[in-house]
Amino acid sequence: MPSSLPKLISTDFDGTLVHHDHDPEDFQPLWDFFSYLQKEHGVLWAINTGRDLDFTLYGLEEYQISAKPDFLLTMEREIHLPAEEGAPSAWIPHLAWNERCQEDHLALEEKITPQLDSFHRFLEQETTANPVFEEGRFVGIEASTEQELAQIVLRMDDFFSSSADFSYQRNGIYLRFCHVNYHKGAVLRELSRMLSLSPSEVCAAGDNFNDLAMLEPTAAEHLIAPENAIPEVKEALRKHRGIIAEGIAGQGVLEALKTIFVTKQA
Ligand SMILES: [Mg+2]
């Protein structure tokens, strides 16, 4: 356990803060604890999710999340900062980072168009997975099951092994293509850099494949996984001496944050 207390907490959303089998009120104690940490400890809270900005904002309402995050890191790659009080939108994009990110992704996509085309044909001919399109661009996969996605992932090297900049983010039955330099760990490191925080002052909590990039000591030294995390995440946490909580999603995150802030501090 690092000697410093976290000053920034980066949490995934689905499966880590909330869980689809639970009622929103099951996680209310976590929102109260975030508000307490923000007010009493000056802790900053970032939601670091695969959701896009609109879907993240929808999630905050849907799950009646009463604490207000300080930052929204979306699509595993973009940074949104809080706007001034009274501004027309509550969130403003970090343009320098987000535009560079977009440019790198468009350049990658152009470079690997033939590989994307043949991978698309493979999906249609040999799998029951659906290609995902955004504004006409082939950006990822929705598989019919997690098992099917695992099988598809085994085949991806056949198409993309010569594309050094190509990577992907995997979460449940979904997979999103990405530039190798952008993932939850990269956005968390960029936010930490902006805030002049070292990894020993950063906490990350996640449950699925796309969280692995932030669940490591180069991004955060305080690490949390809820009970429902996939085995690969739990294995990473064991390796890095993180906290594997007993509670589901936000209940587990609350349990771990209390261990860090209350027990360790006492
Ligand atoms: Mg998740």
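The values are calculated or read from the model by the stated rules, or taken from the named source; none is laboratory data. This is a predicted model, so every value here is computed, not measured. A quick note on method: Cβ atoms are made from the backbone with ideal geometry, for glycine too, and the neighbour counts reach across all protein chains shown. These accessible areas exclude ligands, DNA and RNA; they are computed on the full protein's heavy atoms, side chains included. Shrake-Rupley method; radii C 1.70, N 1.55, O 1.52, S 1.80 Å.
Going 7 Å from the Cα of SER198 in the Cα-to-Cβ direction, what parts of region 1-45 have a backbone nitrogen less than 18 Å from that spot?
Residues passing the 18 Å test: 1-9.
Distance in nm between label sites at GLU148 and GLU134, each 7 Å beyond Cα in the beta-carbon direction?
The modelled label-to-label distance comes out at 2.2 nm.
What are the extents of the Cα atoms of region 198-266 along their three principal axes, in Å, largest first?
33, 28, 17
Using +1 at the C-beta of Lys and Arg and -1 at the C-beta of Asp and Glu, which of CYS178, VAL233, MET194 has the Cα lying farthest in the positive direction of the dipole of region 168-235?
Most positive-ward Cα: CYS178.
Holding the Cα-Cα limit at 23 Å, pick out from LYS184/LYS239; LYS39/LYS239; LYS39/LYS258 the pairs that are longer than that.
Over 23 Å Cα-Cα: LYS39/LYS239.
Could you tell me the ratio Rg/Rh of the chain? Both radii from Cα atoms, Rh via Kirkwood.
0.97
Amide H neighbours of TRP45 under 5 Å, counting only residues 5+ apart in sequence or on other chains, H built in-plane at 1.01 Å?
The answer is ILE9, ASP70, PHE71.
At 1.4 Å probe size, put ARG176, ARG121, ARG193 in order of accessible surface, largest to smallest.
ARG193, ARG121, ARG176
Roughly how many Å² is the accessible area per residue of the chain, as a whole number, for a 1.4 Å probe?
48 Å²
Accessible surface of HIS80 in the full protein assembly, 1.4 angstrom probe, to the nearest 10 Å²?
HIS80 exposes around 10 Å² with every protein chain in place.
For region 98-179, how big is the tail of P(r) above 22 Å, as a whole percent of Cα pairs?
Within region 98-179, distances greater than 22 Å cover 19 percent of Cα pairs.
Just tell me which aspartates and glutamates come within less than 20 Å, Cα to Cα, of LYS111; anything on the same chain fewer than 8 places away is out.
Excluding near neighbours in sequence, the set is GLU99, GLU103, GLU134, GLU135, ASP157, ASP158, ASP165.
Which of VAL253, VAL153, VAL233 moves most in a GNM of the chain, Cα contacts under 10 Å?
VAL153
Tell me, how many Å apart are the Cα centres for region 204-266 and for region 64-136?
Each part reduced to its Cα centre gives a spacing of 25 Å.
Can you give me the distance in nm between label points at GLU124 and LEU95, each placed 7 Å from the Cα along the Cα-to-Cβ direction?
Spacing of the two 7 Å Cα→Cβ label points: 4.0 nm.
Name the residue, out of GLN151, GLN38, GLN169, whose mean-square fluctuation peaks in a Gaussian network model built on the chain with Cα pairs under 10 Å.
Among GLN151, GLN38, GLN169, the largest mean-square fluctuation in the Gaussian network model of the chain belongs to GLN151.
Using heavy-atom solvent-accessible surface (probe 1.4 Å) with all chains present, what is the largest-first order of LEU254, LEU95?
LEU95, LEU254
Before rounding to the nearest 500, sum -39500 (n - 2.57) across all DSSP H runs of length at least 4 in the chain and divide by the residue total; then give [θ] at 222 nm in deg cm²/dmol.
-12000 deg cm²/dmol
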